[in-house]
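Readers should treat all values here as calculations from the given coordinates under stated rules, not as data from a laboratory. None of the values given here were measured: they were computed from a predicted structure. Counting neighbours? That spans all protein chains shown, and the Cβs are built from the backbone with ideal geometry, glycine included.
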Amino acid sequence: MTIAPPLLETEGVAKFFPIVRTVSDIVTGRKARAIHAVDGVSITVQAGETVGLIGESGSGKTTLGWVVARLHEATSGAIRFEGRDILALEGAELRYWRHNIQVVFQDPVGSLDPRLTVWQIVGEPLQAQNQMQRWFATHEPKRIRREYRIASRKERNRLTREFQAAVHPKAAAHRKLTDDYYKGVTERAKLLEADRERWTDEYQAAVSPSRDGPPRPPAAERQKRHAELLARVRDRTTRAKTEEKRLRVEYRAALKQTNQIPPVPLPERQRLRDEYRAARKRGLPTPVIPKIPKPPRINREMIRAKVQEALPLVGLMPEILDQYPHEFSGGGRQRISLARALIVNPKLIVLDEPTSALDVAVQAQILNRLIELQRERGLAYILITHNVAAVRFVADRVAVMYLGQIVELGPVRQVLERPVHPYTKALLAALPVADVRRRRTRFRIGGDIPTLIDPKPGCRFAPRCPFVEEGCHTTDPPLLPRPGTPDHRVACLRAEEVADISPASLLETRPSPAGSTGGAPAAAAPSVS
Amino acid sequence: MTQPVLSIEHLSIDYEVGAGVFHAVSDVSLVVPPGRVVGIVGETGCGKSTLAQAIPRLLPEPPAHYRSGKIIFQGTDLIPVPRGKLPQVRGTGIGMIFQEPLNSLNPAFRVFDQIAEAIQMRHWREEGILPVFHPGPTPFDYTHRPLPEPIDVLSRPIVPGNAKAAVAKKVRTRSDFRKEVLEYLRLVRINDPETILDLYPHELSGGMRQRIMIAMALSGKPALLIADEPTSALDVTIQAQVLTLMKELIDEVQASILYISHDLGVVAETADDLGVMYAGQLVEFGPVADIFEAPRHPYTKSLLRSIPTRYKTDWPMPTIPGSVPNLSRLPRGCRFHPRCALAKPICAQDPGPVLRVIETRAGASSSHQASCHFAEEVASLP
């Protein structure tokens, strides 16, 4: 039995934003740099599931959401949607696929065009989807036929090659040896060239280092290094030549060996020829060309009708069709944004900070609605937010991101109630809680978020981590499942040692300073008359 | 009883714009006693930022219009003060920390110049070179250090102003200010302040910028500090750092602070007294512990309930039905009654008392007030 692939699966996805090299960078020989916004993230989302992504700004959670929805191109890694590699999609095929993932953008003001009315905003994806469905109806049969043509040509070529090798075994063996020999020659030449380039670079770096490197060595030292380089290259070339000679001799001997192969007798050749002709005639099985009905071109009235149906889903009145976004409050705009995402029936919605701009009471309404929709339609969500409370309420699993990497991943209850990674602990301790007794507590994690430009190896939280060890600065911690709870993965070298430390220990409670009335409401303020 | 630093009496502010009259603040009364932190919470559009900016009269008039009431700062009503005299009260009298540090710092000046300017103004006011609107009681001196000696008369004053007056009195050099600026940067826990001095605001992170804003506000030694959402634009861990700093400064500085936020958690951690605003009105006011323990207004109660803290299994989360009323078309009677679970016919007719003292159980403080007919029954709400 095969297990169905997860709805979405990413494998080591990375997104680097290159930094433009300035003139001074080029003059001083500074290497091209890049911002590592997302760096090797592997995550799965099952159908009907909510995965929360939490982290501070700059942790790459929004970039990850965009990469998954193919709004950014991933630098490396693989993304599979229902088992299909979506990074390979392009052009119209990509546009046709897009209805599967929709995004609710972060800024409810900026993501709605102020010159369009509600029905135009919400109906725009519908228009695009209709266009792509019509495209698909005509192009899908064509695509299948084209692929069949290409595959059968390949199959015929393969049959011919096999037949020729079978009837002329001597020639086939001869050709294989020659191919291998020349392939080897080219490869060895490339290796030699690479070595030479590497050594020359090393020499250059040593004798004329860039501005921020070590000082330039004295002339004697430079001459010595030059001589060393020459000797090294000469030695390597000599060895390569000797090797080449030996291989050539071996190759010639092997060629002579092939002369011993006897020719195939005639009746056998005739039998092979008949088989070959039959196979060519048979060809590949003809494909099933599906009959895809071509939907009619959508018009204004149809869009308006569909939008009118969709608006109540997100708690909006159907009468607002002709209003403009500026007439709505933040909550109303976020609902419009959500309606726009829902109207094409996506399987996955990337919710990028859906409630950050909203007040608590409105936030609760939107979150309730999101869960309701999920239960009705089996939607999957990726909830990107820095609001831990919202993740706790909506998500099934949660991934904590820090500087482009996932540091902890697991079921919400486990991660938020028993956090293991020191960063998760810090994040949870930092949350202001509506509890008056926290007045005397002080947050102990110092420092700002370090830069993402070409980060150094080692754990990225190490400079701020209170439990840091020497190894943390040099070794990249892998995201490993915890013993006993395979769902719960943590990227920390000291995971098991720090697992039982409570987040509250990152706060210190100070005694009340003498003479201060803070926190003691008994010394009450004069009342307002 | 000591004189309060700030007392607002029945303040109403309208915005008169083309679309109508918006009652942004209606009949708000509030007292900030010396050395106490008063928090104000409320949703977007409830008038809390209008209130904050109305105190030093930063609101543009028009469209803002002070309909009635008094803003008594150190014994003087600020509303009749002519516009030209207002700068005299800002900075040294009332300091302000704004929400967006990048927007409120000047991008063309280095950190040093921004803080030095504030210090310069204070010195000029203390020395009588610049007029002071109202001397008032001396604010608590929290630097505990004497001012640097004035030297070198020929050196360039850093703020070109009335040069003649400056030369006649005292001239301070950049290096004098340097010491004092460094002191304030250390006060707000900035590591390596010597480097930070020469940076521009865009070179700093959000947390650093907000610290610079706090240092600027404190360097004027204001009698009242208004913090308008100082941590809302920051990340959680950075917010916790700045919050920790604010809490430490509150203890050290002993200043009177009006702390405005939409985050109940932040206010719970900083404020002594708490005011809850809804649709331009102060609906509840009292010691912060009392309000969190036993809210006396249905709105406060539902606001506290709608903070998501539980899991998906407990769906749905309690919300407040309906939405915030339009400030130009307010409902008759109590402004919260269309959304209130306790609403009775009287609520739609009579707006109810403005902040009456709630008799709680024996021994509880009597300063807990709410504007609700049925404040005693709020405890029975789920």
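Database remark: amide H of B:Leu274 closer than 5 angstrom to the amide H of B:Gly39, B:Gly286, B:Val288 (H placed geometrically; neighbours at sequence offset of 5 or more, or on other chains; Pro and chain starts carry no H). The H on the amide N of A:Val38, modeled in the peptide plane, is under 5 Å from the matching H of A:Lys15, each at least 5 residues off or on a different chain.
For A:Gly52, the residues whose amide H sits under 5 Å from its own are A:Leu383, A:Asp396, A:Arg397, A:Val398, A:Ala399, ignoring neighbours fewer than 5 places away on the same chain, with H placed 1.01 Å from N. Look at the alpha carbon pairs under 8 Å that are at least 6 residues apart: their mean separation over the length of region A:31-149 gives a relative contact order of 16 percent. Converting phi to 3J(HN,Hα) with the Karplus coefficients 6.51, -1.76 and 1.60 and the offset θ = phi - 60°, region B:316-322 yields x, 7, x, 10, 9, x, x Hz in sequence order, with x at every glycine or proline.
Cβ crowding within 10 Å ranks A:Met317, B:Met213 as A:Met317, B:Met213, fewest other Cβ atoms first. Working note: Karplus 6.51/-1.76/1.60 with θ = phi - 60° gives region A:392-404 the couplings 4, 7, 9, 7, 8, 10, 9, 10, 9, 10, 9, 6, x Hz, where Gly and Pro are set to x. Per residue of chain A, the DSSP helices (runs of n ≥ 4 H) give a summed -39500 (n - 2.57) that works out to -15000 deg cm²/dmol at 222 nm.
Please compute the average number of Cβ atoms from other chains found within 10 Å of each residue's Cβ in peptide B:316-324. Provide the component values of the computation, followed by the final result.
Values: counts 8, 9, 3, 10, 6, 2, 2, 6, 5.
Mean shielding count: 6.
For region A:192-283, the residue among A:Ile261, A:Leu272, A:Tyr203 whose Cα projects farthest onto the positive side of the dipole built from Cβ charges is A:Leu272. Is the shape of chain A best called rounded, prolate or oblate, per the rule: a/c under 1.5 gives rounded, else a/b larger than b/c gives prolate, else oblate, with a ≥ b ≥ c the square roots of the Cα gyration tensor eigenvalues? Oblate, because a/c is 1.5 or more while a/b does not exceed b/c. Expressed to the nearest 5 percent, the antiparallel share of DSSP beta bridges inside chain A is 65 percent.
Suppose R0 equals 41 Å. What FRET efficiency, 1/(1 + (r/R0)^6) with r the Cβ-Cβ distance, do A:Ala253 and A:Glu11 give to the nearest 0.05?
0.30
Remark: relative contact order (region A:354-420) = 21 percent; criterion is Cα-Cα distance under 8 angstrom and separation of 6 or more residues. Positive-end ranking of B:Ser328, B:Leu243, B:Gly220 along the dipole of region B:203-341, with charges on Cβ about the Cα centre, is headed by B:Ser328.
Spin-label model, A:Gln308/B:Ser68: points 7 Å from Cα along the beta carbon direction are separated by 4.8 nm.
Please give the Cα centre distance for region B:1-52 versus region A:58-84, rounded to the nearest Å. Measuring centre to centre over Cα atoms gives 47 Å.
Say R0 is 25 Å: what FRET efficiency, to the nearest 0.05, do A:Ala151 and A:Ala171 get from their beta-carbon distance? Could you put the intermediate results ahead of the total?
Details: r = 28 Å, r/R0 = 1.10.
Given R0 = 25 Å and the Cβ-Cβ separation, E is 0.35.
May I ask you to list the residues of region B:290-305 whose amide nitrogen lies under 15 Å from a point 7 Å from Cα along the Cα→beta-carbon direction of B:Leu381? Under 15 Å, as judged by backbone N against the label point of B:Leu381, lie B:291-305 of region B:290-305.
Here the relative contact order of chain A, from alpha carbon pairs under 8 Å that lie six or more residues apart, stands at 23 percent. With a Förster radius of 30 Å applied to the C-beta separation of B:Asp192 and A:Ile26, the computed FRET efficiency comes to 0.45. Among B:Tyr278, A:Tyr96, the ranking by other beta carbons within 10 Å of each residue's beta carbon, starting with the fewest, stands as A:Tyr96, B:Tyr278.
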